[in-house]
Amino acid sequence: MDWAFQRRMMVSRQLRGRGIRDERALAAMLKIPREDFVLEDSRSAAYSDEPLGIGYGQTISQPYMTALMVQCLELQGSETVLEVGSGCGYHAAVLGALAARVITIELIPELAAMARENLANAGRIGNITVIAGDGSLGYAPEAPYDAISVAAAAAAIPRALIEQIKDGGRMVIPVGPYADQELRVVRKKGGQIDWHVAEYCRFVPLREATPRVD
Ligand code: SAH
């Protein structure tokens, strides 16, 4: 398989072709070996235009969704970023190529271990810390963050995550029930929050720490 060719096709057709314009994000996705993050039996589909199973009922997002989420964060290179939902570690690798430091937290310990191993094998673990734990309340020890990227859908934007965004910072988060989610871009400025919808999407649910009574 000519992986470099597949990557070029993915970037030109699925990303540039659909309006992704963040040149740093495009360059990172042209470089990071997605085939080394997916499961062995999905390798031949590593660059296909769809989400793929990564085990434990979870998925790696379609390449376009990863690119769009990263673009929404407008990373310049100096940021500290929190990712909630490491999965196989691919999205963290892209964030790590675009920011100074990435903390990524994953609820399923086996996936946290997989993400760590994939990132190490791809030579991308240097500025990335993988934590096994519940990220629905963010990760307070390293807060606040210049940017937060949430890879699983919340019922509503969790207050704890908003609190962990630095002033002037951004967050990208899918919100809503499974079949009807909005990818929201949240900005914090002068203590005020505003958000807009960047896209409609379908993510696995964010498992929330706070028990729900309804
Ligand atoms: N960014 C990933 C895709 C992750 S899929 C990649 O590139 O592969 C979403 C992930 O969020 C799943 O692995 C799921 O286990 C995780 N997740 C769900 N709820 C979570 C929570 N409360 N805290 C941390 N991770 C969570």
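The values are calculated or read from the model by the stated rules, or taken from the named source; none is laboratory data. Just so it is clear, the model here is predicted, and its values are computed rather than measured. We place every Cβ from the backbone using ideal geometry, glycine too, and count neighbours over all the protein chains shown. Remember, those area values only see protein heavy atoms, side chains included, never the ligands or the DNA or RNA. Shrake-Rupley method; radii C 1.70, N 1.55, O 1.52, S 1.80 Å.
Below, the figures for the structure above:
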{"quantity": "Accessible solvent surface per residue of region 155-214, calculated while the other protein chains remain in place, 1.4 angstrom probe, Å²", "calculated": "62"}
{"quantity": "List Ser61, Ser12, ordered by accessible area with a 1.4 Å probe, largest first", "calculated": "Ser12, Ser61"}
{"quantity": "Estimated Rh, region 133-179: Kirkwood, alpha-carbon pairs, angstrom", "calculated": "11.0"}
{"quantity": "³J(HN,Hα), Karplus 6.51/-1.76/1.60, whole Hz, each residue of region 132-148, x for Gly, Pro", "calculated": "8, x, 8, x, 5, 9, x, 9, 4, x, 10, 6, x, 10, 5, 8, 10"}
{"quantity": "The chain, relative contact order in percent, only Cα pairs under 8 angstrom and at least six apart counted", "calculated": "15"}
{"quantity": "Convex hull projection area averaged over all views, region 66-214, Cα basis, nm²", "calculated": "8.6"}
{"quantity": "Cα centroid of region 90-105 to Cα centroid of region 132-154, whole Å", "calculated": "13"}
{"quantity": "Karplus (6.51, -1.76, 1.60) ³J(HN,Hα), θ = phi - 60°, over region 70-84, in Hz, Gly and Pro reported as x", "calculated": "5, 4, 4, 7, 6, 6, 10, x, 9, 7, 9, 10, 9, 10, 9"}
{"quantity": "Cα Rg, Dmax, region 1-148, angstrom units", "calculated": "14.3, 43"}
{"quantity": "Amide H contacts under 5 Å for Gly133, placed H, 5+ residues apart", "calculated": "Glu106, Leu107"}
{"quantity": "Candidates per GluC sites (Glu not before Pro) in region 3-85, loop by DSSP, up to 16 other Cβ within 10 Å", "calculated": "Glu74"}
{"quantity": "Portion, in percent, of the accessible area of region 19-148 that falls on carbon or sulfur, probe 1.4 Å", "calculated": "50"}
{"quantity": "J(HN,Hα) series, region 90-107, from Karplus relation 6.51 cos²θ - 1.76 cosθ + 1.60, nearest Hz, glycine and proline x", "calculated": "4, 4, 4, 4, 5, 4, x, 6, 10, 10, 6, 8, 10, 10, 10, 10, 10, 6"}
{"quantity": "Extension gain from Thr129 to Glu40, taking 0.36 nm per residue of separation minus the Cα-Cα distance", "calculated": "29.7 nm"}
